[in-house]
1. Looking at the stretch 1-19, I want the residues that are within 14 Å of residue 42 (Cβ to Cβ) and have a partner that is among the aromatic types (Phe, Trp, Tyr) with Cβ atoms under 7 Å, at least 6 apart or on another chain. Which pairs are those?
2. Which one of 78, 85, 123, 112 is open to solvent by less than 50 Å² (accessible area, probe 1.4 Å) and either charged (D, E, K, R) or in contact with a helix residue (DSSP H, G or I) (Cβ under 7 Å, 6 or more places away or on another chain) (or both)?
3. Residue under question is residue 3, and the condition is that it be open to solvent by 60 Å² or more (accessible area, probe 1.4 Å) and farther than 30 Å from residue 147 by Cα; does it hold?
4. Inside the stretch 39-49, can you point out the residues that are touching a strand residue (DSSP E or B) at 6+ places or on another chain (Cβ under 7 Å), farther than 18 Å from residue 22 by Cα and either buried (at least 19 other Cβ atoms within 10 Å of the Cβ) or modelled with pLDDT under 95 (or both)?
5. So residue 35 fits all but one of (1) in contact (Cβ under 8 Å) with a residue 12 or more places away in the chain; (2) open to solvent by 40 Å² or more (accessible area, probe 1.4 Å); (3) farther than 25 Å from residue 91 by Cα; what number is the exception?
Amino acid sequence: DPVQVLDEAKDGVSSVKVSDHEILSGSVDGRVRRYDLRAGQLYSDYIGSPITSVCFSKDGQCALAASLDSTLRLLDKETGELLGEYTGHRSTAYRLDCVLSEQDTHVGSASEDGSVYFWDLVEGSLALSLAVGRGVVQSLAFHPTLPCLLAATEGHVQLWREESFQPQGDPGP
């Protein structure tokens, strides 16, 4: 039997992430929920559109949520204040991942148009549109410390990295 059941969602839970003392979930009911396990508190923010993916910022201050209205939203974790919105990708039918770069400088999203999009976290401007295939890009993952990205599309997982990337111990040219 489960030790605990978190049953506040009114529809399917599409994404869940965990930190050392918190659980972040996104639901088709349009809510982002944060469970503070130390304090025994539930915090809920209503987005409206079904949530497809959530993630914590590396500094632990923010939560990023992707939804089926083709918008990413950066929320202050404590207050729920909307800090930024990011648009330009297409997300209307599939469960697509959102990510924050390894240094929290960029917001990224998979897209139904075969690309991965990156925005400057602070300015909100589109920084890069990376064409990775012809089909839907559904899943993304950043390396925790290096500027490397995994993207899943059309039955393949692709590794991408910045042109300036130098493996550790590699003296370069």
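The values are calculated or read from the model by the stated rules, or taken from the named source; none is laboratory data. What you see is a predicted model, and the numbers here were worked out from it, not measured in a lab. Virtual Cβ from ideal backbone geometry, glycine too; neighbours counted across all protein chains shown. In case anyone asks, the SASA skips ligands and DNA or RNA and just uses the protein heavy atoms, side chains included. Shrake-Rupley method; radii C 1.70, N 1.55, O 1.52, S 1.80 Å.
1. What qualifies is 6/35.
2. Details: 78 fails: open to solvent by less than 50 Å² (accessible area, probe 1.4 Å); 85 fails: open to solvent by less than 50 Å² (accessible area, probe 1.4 Å); 123 fails: open to solvent by less than 50 Å² (accessible area, probe 1.4 Å).
Exactly one residue qualifies, and that residue is 112.
3. Answer is yes for this residue.
4. First pass over the stretch 39-49, keeping only residues touching a strand residue (DSSP E or B) at 6+ places or on another chain (Cβ under 7 Å): 42-47, 49.
Then drop every residue that is not farther than 18 Å from residue 22 by Cα, which leaves 46-47, 49.
Scanning the stretch 39-49 gives a single hit, 47.
5. Going through the list (1) in contact (Cβ under 8 Å) with a residue 12 or more places away in the chain; (2) open to solvent by 40 Å² or more (accessible area, probe 1.4 Å); (3) farther than 25 Å from residue 91 by Cα, residue 35 breaks only (2).
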